[in-house]
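The values are calculated or read from the model by the stated rules, or taken from the named source; none is laboratory data. Quantities reported herein were computed from a predicted structural model and do not represent experimental measurements. Every residue, glycine as well, gets a Cβ built from its backbone with ideal geometry; the counts of neighbours run over all protein chains shown.
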Amino acid sequence: MFSLPIRNPFSVIPIRVSNFKPWIFGVREVLWTLNFMLLMSGGLMANSLLWDKTNSLVSCDLRGQRINVLLTNIAMATGWEVLVEPGTELEISVKFDRLPVPEALERLLRGVNYALVGGTNGVTRLYVFKTSMAHATQPIVSTTNAGVERSWLRMETNRVPNELMVRVRPGVSIDEIAVKFGAQVIGRLDKYRVYRLRFNSVQDLEQLQEMLGTIDGVQSVDYNYQIPMPESPLPVQAGMVSPILLKHRVDSSSLVIGLVDTSVQVPSELQNLFLPSVDVLPARTEAETPTHGTAMALTLLRALGIVTGGEASVKILPVNVFGESQMSTTFDVAAGIAAAVNNGAQIINLSLGTPVDSPVLKGVVEEVTRQGVVIVAAAGNEPTTVPVYPAAYSSVVAVTALDPATGTVAPYANRGDFVDMAAPGISAVPYGGKVYVVVGTSPAAAYVTGLLAGLANKSGQSLSEVKEQVVKTATAILGK
């Protein structure tokens with residue numbers, strides 16, 4: 001797998017933190033998993049683990065249980081991805097009843113370091129390590145999640161009720177079509193001839209989709225699918241990360257990076273590197289902790305600074321496609337891409353994705369890239385070869401996550417044939433005097449976006465030329 005030429009992966013690697021504990025609680029359905037059955041009295045047998053996901057409480061009675069057995073049981077009980085540093089050995093003897101998850105993990109994993117991190121696409125990972133988090137690369141596979149697709153890979157069922165997206169041919173009136181079918185046009189991308197239609201709840205969407213597809217002048221019809229908000233970065237209790245040292249160089253040929261993501265909290269010291277945000281959906285209330293979009297912005301700025309030597313004629317255009325909701329949609333992402341281009345973006349970062357191949361979204365992506373705009377997208381945080389979109393579209397630069405400890409694809413990351421390159425899958429960012437970490441193909445994509453923008457800005461070459469050179473090199477190394 002191709003890895004990027006970096007002097008510094010710009011994240012806290014190795015990170016040495018005793019009992020590293022950024023807690024996150026999943027929202028998956030209730031799952032009870034026992035290592036052994038409960039006794040009739042309601043007590044626990046020796047070497048038993050009860051994980052009550054409804055109330056986030058844990059009970060156990062362990063006597064000399066090896067850590068790999070314990071981690072397998074935790075993976076089964078929670079659905080988390082668990083990764084351990086190879087060679088980690090520990091026997092656990094502990095007994096407690098109905099402790100909250102943070103306290104339970106502290107008791108269960110006393111003697112090792114650990115981190116519970118929410119990555120992108122709603123996947124939670126538990127890293128267990130002796131030396132550094134970057135060395136926790138060996139996956140623990142449980143019988144519960146082995147060979148089973150995660151819920152976000154079954155998003156074909158996550159259709160927005162009563163909605164369809166329609167792309168028409170030039171000169172065709174969507175309003176006439178909407179009147180004919182009794183639909184309301186609730187979203188318009190006139191430049192790309194893409195429209196969002198809402199129908200009466202009693203109408204059959206499958207039949208409507210088929211009927212619309214037969215109309216002369218309709219190019220494509222698709223459902224509008226939900227796309228989950230990527231996880232926000234989580235705090236590190238201890239650790240340091242260098243500040244982002246990047247100055248904006250005033251230049252008539254300033255390059256604009258479109259960051260289609262959540263809202264972005266712009267640090268005051270970096271304000272001259274940002275353009276005013278474009279909100280596809282209403283902006284969410286400013287949070288005290290950094291959003292996913294903020295982490296992506298800081299990640300790509302750090303990469304940009306490394307490539308350019310600390311000075312660049314580049315600005316970030318934040319495009320918010322999540323608003324106050326935990327979900328965006330394929331239409332909103334298409335609208336975000338369109339908004340970025342309409343406001344001057346020459347390169348767009350999409351640290352988000354869906355397993356659903358939407359012909360409408362694909363049409364917008366292809367039209368934008370034909371104009372010379374470069375799109376970089378995350379390949380997805382699943383250790384499969386299943387295509388993730390928009391990364392899997394041929395005109396998009398698809399980025400997977402690199403494990404800095406091994407120089408290979410991270411164990412949690414997609415390694416499908418559509419992947420173009422790999423970049424560091426962990427990023428530590430400073431915010432509000434604290435350090436936050438985000439893991440996954442999201443920061444990897446942001447790193448590549450910063451790299452390409454920096455190379456183009458420094459060399460004077462076009463982004464398309466830089467992209468072709470980098471992808472060509474990656475293709476040669478991958479042997480494609």
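Annotation: Val341 fulfils all but one of (1) under 27 Å from Gly416 (Cα atoms); (2) among the β-branched types (Val, Ile, Thr); (3) touching a helix residue (DSSP H, G or I) at 6+ places or on another chain (Cβ under 6 Å); the unmet one is (1).
For the stretch 377-392, a tally of residues being surrounded by 20 or more Cβ atoms within 10 Å (Cβ to Cβ), part of a loop (DSSP other than H, G, I, E, B) and without any contact (Cβ under 8 Å) to a residue 60 or more places away in the chain returns 5. Among the residues of the stretch 254-264, none qualifies, meaning not one is surrounded by fewer than 17 Cβ atoms within 10 Å (Cβ to Cβ) and either of a type in the set (A, V, I, L, M) or under 25 Å from Ile186 (Cβ atoms) (or both).
Taking the criterion of being free of Cβ contacts under 8 Å to residues at least 12 places away in the same chain and farther than 17 Å from Leu361 by Cβ, would at least one residue in the stretch 220-237 satisfy it? Looking through the stretch 220-237, none of the residues is free of Cβ contacts under 8 Å to residues at least 12 places away in the same chain and farther than 17 Å from Leu361 by Cβ.
Of all residues in the stretch 432-449, at least one satisfies being among the aromatic types (Phe, Trp, Tyr) and either out of contact with any strand residue (DSSP E or B) (no Cβ under 9 Å at 6 or more places or on another chain) or assigned to a helix (DSSP H, G or I) (or both).
Out of the residues in the stretch 276-315 that are in a helix (DSSP H, G or I) and β-branched (Val, Ile, Thr), which is surrounded by the most Cβ atoms within 10 Å (Cβ to Cβ)? Across the stretch 276-315, the extreme among qualifying residues is Thr299. Selection of the stretch 83-102 for residues being in a loop (DSSP other than H, G, I, E, B) and of a type in the set (S, T, N, Q) yields only Thr88.
Restricting to the stretch 328-345, name every residue that is in a loop (DSSP other than H, G, I, E, B) and crowded, with 22+ Cβ neighbours inside 10 Å.
Selection gives Ala345 alone.
Considering the conditions (1) modelled with pLDDT under 95; (2) among the hydroxyl-bearing types (Ser, Thr, Tyr); (3) more than 27 Å from Leu246 (Cα to Cα), Ser313 is excluded by exactly one of them, (3). Flag set for Val221, criterion: surrounded by 17 or more Cβ atoms within 10 Å (Cβ to Cβ) and at negative phi. Only one of the numbered conditions (1) more than 25 Å from Gly344 (Cβ to Cβ); (2) buried (at least 23 other Cβ atoms within 10 Å of the Cβ) is violated by Val374, and that is (1). Checking the structure you have, find out if any residue of the stretch 185-192 is hydroxyl-bearing (Ser, Thr, Tyr) and within 26 Å of Arg284 (Cα to Cα). Looking for residues that are hydroxyl-bearing (Ser, Thr, Tyr) and within 26 Å of Arg284 (Cα to Cα), one finds none in the stretch 185-192, hence no.
Residue-by-condition table, conditions (1) in contact with a helix residue (DSSP H, G or I) (Cβ under 6 Å, 6 or more places away or on another chain); (2) crowded, with 21+ Cβ neighbours inside 10 Å; (3) not assigned by TED's automatic domain parsing to the domain that holds Leu350:
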| residue | (1), (2), (3) |
| --- | --- |
| Leu402 | no, yes, no |
| Thr408 | no, no, no |
| Asp420 | yes, yes, no |
| Ala428 | no, yes, no |
| Gly432 | no, no, no |
| Gly440 | yes, yes, no |
| Pro443 | yes, yes, no |
| Tyr447 | yes, yes, no |
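When Gly87, Gly118 are screened for being modelled with pLDDT under 85 and not charged (D, E, K, R), only Gly118 passes.
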